[in-house]
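Since the structure comes first, as structure tokens, the remarks are kept for the end.
The values are calculated or read from the model by the stated rules, or taken from the named source; none is laboratory data. These numbers come from a predicted model, not from an experiment. As a convention, Cβ positions derive from the backbone with ideal geometry for all residues, glycine included, and neighbour counts pool all protein chains shown. Surface areas here come from the heavy atoms of the whole protein model, side chains and all, with no ligands, DNA or RNA. Shrake-Rupley method; radii C 1.70, N 1.55, O 1.52, S 1.80 Å.
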Amino acid sequence: MPPPPLLPRLSPAPPPPLRATERGAGAPPSRGAGRRRRRPALVAVARAKGKDEASFTDRILDYIEGGPKLRRWYGAPDLLPKDGSAEDEEDESPDIEEPRDAVLVSDGNSETGQLVILALILKRARIKALVKDKRSTEEAFGTYVECMVGDMEDKSFTKKALRGVRAVISPADDGFFSEPIDLKGVEHIVLLSQLSVYRNSGGLQAIMNSKLKKLAEKDEEVVLASGIPCTIIRTGSLQSTPGGERGFDFTEGIAAKGRISKEDAATICVEALDDIPRKTLIFEVANGDEKVADWKAWFAEQIKGDEEIQ
């Protein structure tokens, strides 16, 4: 079933009857021609909720359920034809320098990765995303995201993927940094890590998380050794629950036992982008009672305190 439109659709009103002069001189008069015509009723259109009043979750559902609808809303062009005639065209000038204003999301297929993409769209950022299914991702996000399918071990693909990228967000423990990658030109890495959760798990859960633990450890190790300013966000267990309903807890050790909404975690990743530490900023977070009204001020305070310690 297609998603409902943003505005109620109006059935087109029937055209008014032609006047006698329009029918031609020889046309017989219409029945009841002498009667006084009624004026057509005016139709009022009311929108249930203004754009500014819509919650973040409502806007996320809009993006997930209606890519074409939002493309029309924002005036963006439609998707390419489904025959794929133009979607696989290669860049004719691979060496042309692009302005470094894009954000690369390393896993655009995961739930957290898609929430990061949505938060970036709301920030009007230029987005590149590594995905496994290009068609479904394009149908979901339209022209807001440049979807890329390939292997980062391929140097030519890596060069293309990182062209014009100023920052990388890795929203999942997917081993993105486990293989050597030329990150030349990248100004900031934001890594979402559940390493504390994996290290604290035991029994069967520890066995199930062993691979993810190794990937998370490798990602952190490579990012810290890269020499690129990085923000490592060690979260509690990620939950598929609505975000924005609770505050936060930044207590040391909270990531091992706490939980956090994936939506809230994605928001923190995006808010961290423009606050670049001199070297490294590492902190833990889970949902709690502390409210953050100004993330820019919060990050500035954390970076300042961390630099004083270093």
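Worth a mention:
- Filter result (over 18 Å from Ile233 (Cβ atoms) and not in a loop (DSSP other than H, G, I, E, B)) within the range 98-118: Ala102
- Residue count, the range 126-170 (criterion: in contact with a strand residue (DSSP E or B) (Cβ under 7 Å, 6 or more places away or on another chain), aliphatic (A, V, I, L, M) and in contact (Cβ under 8 Å) with a residue 60 or more places away in the chain): 4
- Odd one out for Ile121 among (1) more than 29 Å from Gly236 (Cβ to Cβ); (2) touching a Phe, Trp or Tyr at 6+ places or on another chain (Cβ under 8 Å); (3) assigned to a helix (DSSP H, G or I): (1)
- Within the set Gly142, Gly175, the sole residue that is small (Gly, Ala, Ser) and modelled with pLDDT of 85 or more turns out to be Gly142.
- Of residues in the range 196-216 being in contact with a strand residue (DSSP E or B) (Cβ under 6 Å, 6 or more places away or on another chain) and among the hydrophobic types (A, V, I, L, M, F, W, C), the one nearest to Ile169 (Cα to Cα): Ala216
- Any hit, the range 154-161, residues being aliphatic (A, V, I, L, M), modelled with pLDDT of 85 or more and not in a strand (DSSP E or B): yes
- Restricted to the range 154-170, and to residues there that are open to solvent by less than 30 Å² (accessible area, probe 1.4 Å) and small (Gly, Ala, Ser), the residue that is nearest to the chain's Cα centre (by Cα) is Ser170.
- Flag if Asp173 is surrounded by fewer than 18 Cβ atoms within 10 Å (Cβ to Cβ) and either touching a Phe, Trp or Tyr at 6+ places or on another chain (Cβ under 7 Å) or without any contact (Cβ under 8 Å) to a residue 60 or more places away in the chain (or both): no
- Filter result for the condition that a residue is modelled with pLDDT of 80 or more, out of contact with any Lys or Arg (no Cβ under 8 Å at 6 or more places or on another chain), more than 29 Å from Asp275 (Cα to Cα) and surrounded by fewer than 19 Cβ atoms within 10 Å (Cβ to Cβ), over Asp151, Asp83: Asp151
- Residues that are in contact with a Phe, Trp or Tyr (Cβ under 9 Å, 6 or more places away or on another chain), of a type in the set (A, V, I, L, M, F, W, C), closer than 20 Å to Glu284 by Cβ and open to solvent by less than 70 Å² (accessible area, probe 1.4 Å) occur at least once in the range 178-199.
- Members of the range 125-148 found to be over 19 Å from Cys269 (Cα atoms), open to solvent by less than 20 Å² (accessible area, probe 1.4 Å) and not in a helix (DSSP H, G or I), listed by number: Cys147, Met148
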